[in-house]
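Read the figures in this text as sums done on the coordinates, not as results from a lab. Since the model is a prediction, treat every value here as computed from it, not as a measurement. A quick note on method: Cβ atoms are made from the backbone with ideal geometry, for glycine too, and the neighbour counts reach across all protein chains shown.
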Amino acid sequence: MEMNQYLEVFIEESKEHLQAVNDHLLVLEKNPEDISIVNEIFRSAHTLKGMSATMGYEDLASLTHQMENVLDGIRNHKIKVTAELLDVVFQSVDDLEAMVYSIAAGGDGKRDVKEVVAKLVAIEKGESLITTNSPTSNTEKVVDQKNVNVGQDLSENYDQFEITVLQQSREQGFEGYEVKVSLRQDCLLKAARVFMVFEILEQLGEVIKSNPSVELLEDEKFEDSFTVTVVSKETPKDIEAKVSKVSEVDQVIVNLLDLSLLDANVQEKDEEIEVLPSEYIQQDVQVINETEEKKQSQTKAANVSNKTIRVNIERLDILMNLFEELVIDRGRLEQISSDLNNQELNETVERMSRISGDLQNIILNMRMVPVETVFNRFPRMVRQLARDLGKKIELVVVGAETELDRTVIDEIGDPLVHLLRNAIDHGVEMPDVRRQKGKNEEGTVVLKAYHSGNHVFIEIEDDGGGISRDKVLKKAISKGVVSEQTAQTLSDKQVYELIMSSGFSTAETISDISGRGVGLDVVKNTIESLGGSISIDSIEGKGTTFSIQLPLTLSIISVMLVELEQEKYAIPISSIIETAIVKKEDIMNAHNQKVIDFRGKVVPLVFLKDVFEVKQMNQSDEFLSVVIVRKGDKMAGLVVDTFIGQQEVVLKSLGNYLTSVFAISGATILGDGQVALIVDCNALIK
């Protein structure tokens, strides 16, 4: 069988299953007695193992199998969930992720996992010390491969736990079945067929056991037949029909278990076997019920989800590039139409513009990705950092469904990691310090995302010690960032922004947690390179909030076109407050800087002709055209010759040779074929 065609799907689904395992493990740590969570983890691990074995990645399947053994012990109440145990399971997931990424990069998926396997085996051996007294030797018995005698003493083939589950399932309306499956003698991938059969049976109900055992089936240590015991509300005919659809399955025989024989058998063995506590029994019956309900809901959801397909992101990039060319041609047609002033041409171009605008929205929405794809890795990271630092921290994620363009998503991960590490290392205090301050010893870090207009805001808020104004100023003065005289005039917000200066850090010692004293300047530069901004609010003793503002997309943006002599420039609409016509006589001077009074605020003027060294052909009249722009709480007035109007343009990079051009973030091609440079307002506001 040619497996390469399935490789991409395997990689993507493996990542999804590993993320699901990570998420559920974090929930399990807070609810260690909730067996339903363990079942979810087990199901994801089991699916991953089967997929890996089918694709031929034995190391991946083997490690997943070892992890699955521990999970099986937990859900059978033989192993207790502890933080130390979860550390080992998390380490296993890390190794599994490394293997999957190795495969994605073209590797063989092999990795040295002797250490973690040894830990898993040790945990598995420990379960035997607290195993209940119920006999387990019967679990490895192989049922007669020719017939399943449903009238036999069932206790010979089922242990006490399995019998109890079967009994309770019957009371809840489920039936017990023994499904005997025979594979064709020429079947090549027996383990893969077994996996597919189990997948179908798990959709129909809950698997109780198998003969031979799951381990033997996975290792293909069986002839051509195996038997699976399930509880389900399906009819034997339906079960037989659905399992028979698996290729290379030769025969399926479904026998109804005579559960009425169980009552007498159990009574006779009550004196010999220690029965599990009733709450455990109820938990497992509840799991079966929940599973059945979930399977039904999944069936309904499947009718909707099967209308979706996976699309390679490279294809979306190609589609976006083609549409960008269409936007340029659309602008050209609009200009030609305006020049010719032909009614029919005007109507046609107007209709084409409207349709292409709808197409643009569809394409942009196709590229939108929930920030959840970035946020998903943070709970695990926060847990590990908290344990390393000896702190207790709860991460609260809000608005993970908020969507951003993929190009922004790709860049925002590292800045968020740095900010979270900073909040955990410098923000949240140690538990004993928090108790002394009258706080809960467990600190809280809130990661929030939400839409507002054409922007997405991401906030990281902690309830730690806040930022000390005096400490920041002292450090800033000692490093020469500000003078003592200037320091006295700064507002609190301006002081907080000093911590994002290059090389600035208030940490007493350099640590590996929050960046080796690099500070937050890298974070600021990255966010501003994306056309965004970052601001800080803090109350000493109460906590700190970092707020990041990002554009929804980077490729097609709305701009105000302006002219300087014969040159055209584009100013992003997202940075503009408004445009104004100012009399020259209203211009004032302050600290060697020309300023204007704009709605009661002093706004400095920036003459773009001087910034971009545009040769002045003639002197303008008594009025100036000014574009008022803003960056955070700072404003500036950009002086231009004339306003051309608003337009949607395609943002093009200047390339590797023009990376250091001041105050220019890119370029665009206008409808008449001219190139207009896009002004970086953030660089002009100081």
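Overview of values
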| item | result |
| --- | --- |
| Interchain or long-range residues, amide H under 5 Å from Ile79's placed H | Ile74 |
| From phi via Karplus (6.51, -1.76, 1.60), per-residue ³J(HN,Hα) for the stretch 356-363 in Hz, x at Gly/Pro | 5, x, 5, 4, 4, 4, 5, 5 |
| Cβ-based exposure ranking for Val254, Val349, in which fewest neighbours within 10 Å come first | Val349, Val254 |
| Cα shape, the stretch 372-551, gyration tensor, a/c 1.5 rule | oblate |
| Cross-link partners of Lys634 among lysines (Cα-Cα below 21 Å; sequence separation of 8 or more within a chain) | Lys493, Lys524, Lys594, Lys601, Lys686 |
| Residues of type lysines that Lys392 reaches as a straight line, Cα spacing below 16 Å, ignoring anything fewer than 8 places off in the same chain | Lys30, Lys437, Lys439 |
| Projected label distance in nm at Asp258 and Glu648, using a 7 Å step from Cα toward the beta-carbon | 7.3 |
| Size of charge dipole - the stretch 566-649 - debye, nearest 20, with Cβ of Lys, Arg +1 and Asp, Glu -1, no other charges | 260 |
| Residues Ser36, Ser491 arranged by fewest to most Cβ contacts within 10 Å | Ser491, Ser36 |
| Sequence ranges 47-54, 332-339, ranked by mean other-Cβ count within 10 angstrom, highest first | 47-54, 332-339 |
| Förster radius 60 Å - calculated FRET efficiency between Leu188 and Ser452, Cβ distance, rounded to 0.05 | 0.55 |
| Protection-proxy order for peptides 578-591, 358-371, 218-231, each taking the mean of Cβ atoms within 10 Å per residue, highest first | 218-231, 358-371, 578-591 |
